[in-house]
Amino acid sequence: DAKTTQPPSMDCAEGRAANLPCNHSTISGNEYVYWYRQIHSQGPQYIIHGLKNNETNEMASLIITEDRKSSTLILPHATLRDTAVYYCIVARGGSNYKLTFGKGTLLTVNP
Amino acid sequence: GAVVSQHPSRVICKSGTSVKIECRSLDFQATTMFWYRQFPKQSLMLMATSNEGSKATYEQGVEKDKFLINHASLTLSTLTVTSAHPEDSSFYICSAGGAAAGELFFGEGSRLTVL
């Protein structure tokens with residue numbers, strides 16, 4: 001699976017949009033971009049995933065560049081409960097795939 | 001939505017004893033489940049892939065005789081830490097894929113402390 005690069009930490013003001021970048025320059029054509037987050041001492045939580053097109057769900061939006069070498073996760077109105085480590089993962093799709101976690105980005109939402 | 005549940009959430013045991021952790025998919029069947037380990041301030045490390053009805057596949061460096069995995073049904077996988085030592089103290093997390101591709105569900109995690 002392709003490797004990803006994320007900033008180790010970011011801060012965001014409550015109520016503002018949080019934009020989390022991810023570089024995955026070695027992504028291959030059949031690999032998806034997945035985003036998960038982990039709140040302290042809990043299991044990871046799925047956020048969103050995409051292949052080529054931008055995606056949006058009730059939690060976030062995912063913007064993937066045209067060359068697919070990078071992506072941005074957008075939390076439109078960050079709350080204190082969004083403080084977590086966010087992981088960008090590139091992997092092949094399917095219901096029985098394994099994920100390799102990097103170090104992720106610690107997002108701290110400040111009041 | 002689909003839920004994966006782990007039990008126990010916390011366990012404290014004496015060195016040398018064995019500890020079993022259960023991972024259940026509550027409203028879907030999972031032919032494959034994954035076991036991760038996470039040390040403090042570190043990321044999740046994949047330990048093994050649990051396959052229903054067959055042997056688990058272990059990642060490089062993970063001792064299969066130390067971490068026994070049993071996936072006897074489509075909704076239950078167990079991880080047994082045998083002869084636990086203090087260095088096995090960690091946060092153990094399981095996951096399983098739902099019916100729809102592209103989404104893995106994770107359990108709440110089990111924190112093991114070996115004294």
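No value in this document is a laboratory result; all are computed from the given coordinates. Every value quoted in this text rests on a predicted model; they were computed, and no experiment measured them. All Cβ positions, glycine included, derive from the backbone under ideal geometry; neighbour counts span all protein chains shown.
A few points about this structure:
- With respect to the conditions (1) touching a Phe, Trp or Tyr at 6+ places or on another chain (Cβ under 9 Å); (2) within 13 Å of chain A (Cβ to nearest Cβ); (3) over 18 Å from residue A:43 (Cβ atoms), residue B:80 falls short on a single one, namely (2).
- Scanning the range A:3-19 for residues that are under 30 Å from residue B:6 (Cα atoms) and crowded, with 17+ Cβ neighbours inside 10 Å gives A:4, A:6.
- Odd one out for residue B:59 among (1) surrounded by 17 or more Cβ atoms within 10 Å (Cβ to Cβ); (2) within 14 Å of chain A (Cβ to nearest Cβ); (3) acidic (Asp, Glu): (1)
- Boolean, residue A:58 is within 14 Å of chain B (Cβ to nearest Cβ) and out of contact with any strand residue (DSSP E or B) (no Cβ under 9 Å at 6 or more places or on another chain): yes
- Residues located in the range B:31-50, provided they are of a type outside the set (S, T, N, Q) and within 7 Å of chain A (Cβ to nearest Cβ): B:34, B:44, B:46
- A residue that is of a type in the set (A, V, I, L, M) and within 14 Å of chain B (Cβ to nearest Cβ) occurs somewhere in the range A:25-45.
- Listed by position, the strands (runs of 3 or more DSSP E) contained in the range A:18-65 that have at least 3 residues being among the aromatic types (Phe, Trp, Tyr) are A:31-38.
- First in the range A:75-92 and under 19 Å from residue B:106 (Cβ atoms), second anywhere and buried (at least 21 other Cβ atoms within 10 Å of the Cβ) and among the polar types (S, T, N, Q), Cβ under 6 Å, 6 or more apart: A:84/A:38; A:85/A:38; A:86/A:105; A:88/A:4; A:88/A:6; A:90/A:4
- Residues that are within 13 Å of residue B:16 (Cα to Cα), surrounded by fewer than 17 Cβ atoms within 10 Å (Cβ to Cβ) and among the polar types (S, T, N, Q), drawn from the range B:67-96: B:80, B:82, B:83
- Across the range A:28-71, the qualifying residues are those that are more than 20 Å from residue B:104 (Cα to Cα) and among the β-branched types (Val, Ile, Thr), and the one among them that is surrounded by the most Cβ atoms within 10 Å (Cβ to Cβ) is A:64.
- Single match in A:79, A:83, A:105 (criterion: more than 14 Å from chain B (Cβ to nearest Cβ) and crowded, with 16+ Cβ neighbours inside 10 Å): A:83
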